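Worksheet: the structure to be examined is printed underneath.
The values are calculated or read from the model by the stated rules, or taken from the named source; none is laboratory data. Since we're looking at a predicted model, the values are computed, not measured. Counting neighbours? That spans all protein chains shown, and the Cβs are built from the backbone with ideal geometry, glycine included.
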Amino acid sequence: MGTNVFISFRFSDGKDLKEELVELFDESIDVYNRSEDVDRSSMSDETIQYYLYEKIKDTSVTIVLLTPEALQYRWNLILSKYDDWLYDELRYSLEDRDDNRTNGVVAIYTEESENLIYQQSTHICNICNEQQSVRSILDFKNLVRKNVLNVKDKFKSNSCIGLYDSEKDSYISLIHIDDFKKNYSKYIEDAKDKRNRKEQFELVKKM
Ligand SMILES: [Zn+2]
């Protein structure tokens, strides 16, 4: 059986990448489009919610394209809240509804966004007795960030304090676009697997 995926992307700098992935996927993956180009300024919260529920309904995995412009959500100063398709797409993907349980999620970063997401640091600890160069995830304001490194302690696969397995210890794994393209089925299956054991993670569903 195939997998239905929902791709969440910033129209301004992620559209080409989204199309590239649609081209790349074999027939086992069906892509449901989202429509950031749809004007939402006159839509009520309920209308937006219904619109996205309908689009996400038949999907089991959401792929978030973390291009540089997708990292920060748009904030509506007048309404004093996030007013952004990308935020709504992810939070509704993470909701656990009767007719659509929580989706698995993969976040993909690009060459251009890598430095906005990661920085190098050094890990020194007395559990592994090693000093090693590791990558830290910066605190970017995005719901993806709230769902990384969020495995519950007893399920954590890396035993070092403060060190996490990049593929197993986050509900939403961050995957470089080149790695994802080479092996997308694996990453989509990993996300489905985590969806089936989501109780092992501390999910954050809104900001
Ligand atoms: Zn260690």
If we ask which residues in segment 119-147 are over 26 Å from ILE63 (Cβ atoms) and among the acidic types (Asp, Glu), their number turns out to be 1
Log entry, pairs with first residue in segment 124-152 being free of Cβ contacts under 8 Å to residues at least 12 places away in the same chain, second being of a type in the set (A, V, I, L, M, F, W, C) and within 16 Å of the ligand (Cβ to nearest atom), beta carbons closer than 7 Å, six or more apart or on different chains, reads GLN131/ILE124
Yes/no for GLU114 being closer than 30 Å to ASP45 by Cβ, surrounded by 13 or more Cβ atoms within 10 Å (Cβ to Cβ) and acidic (Asp, Glu): no
Pick from segment 168-183 the residues that are among the polar types (S, T, N, Q) and in contact with a strand residue (DSSP E or B) (Cβ under 8 Å, 6 or more places away or on another chain): which of them is nearest to the ligand (Cβ to nearest atom)? SER170
Quick check on segment 137-146. Is at least one of its residues among the charged types (D, E, K, R), away from the ligand (no atom under 16 Å from the Cβ), over 26 Å from TYR82 (Cα atoms) and surrounded by 12 or more Cβ atoms within 10 Å (Cβ to Cβ)? no
Just name the residue that is surrounded by the fewest Cβ atoms within 10 Å (Cβ to Cβ) out of those in segment 147-167 that are of a type outside the set (Phe, Trp, Tyr) and more than 16 Å from the ligand (Cβ to nearest atom). LYS154
Identify all residues within segment 90-114 that are modelled with pLDDT of 95 or more and not in a loop (DSSP other than H, G, I, E, B); write none if there are none. LEU90, ARG91, TYR92, SER93, LEU94, GLY104, VAL105, VAL106, ALA107, ILE108, TYR109, GLU114
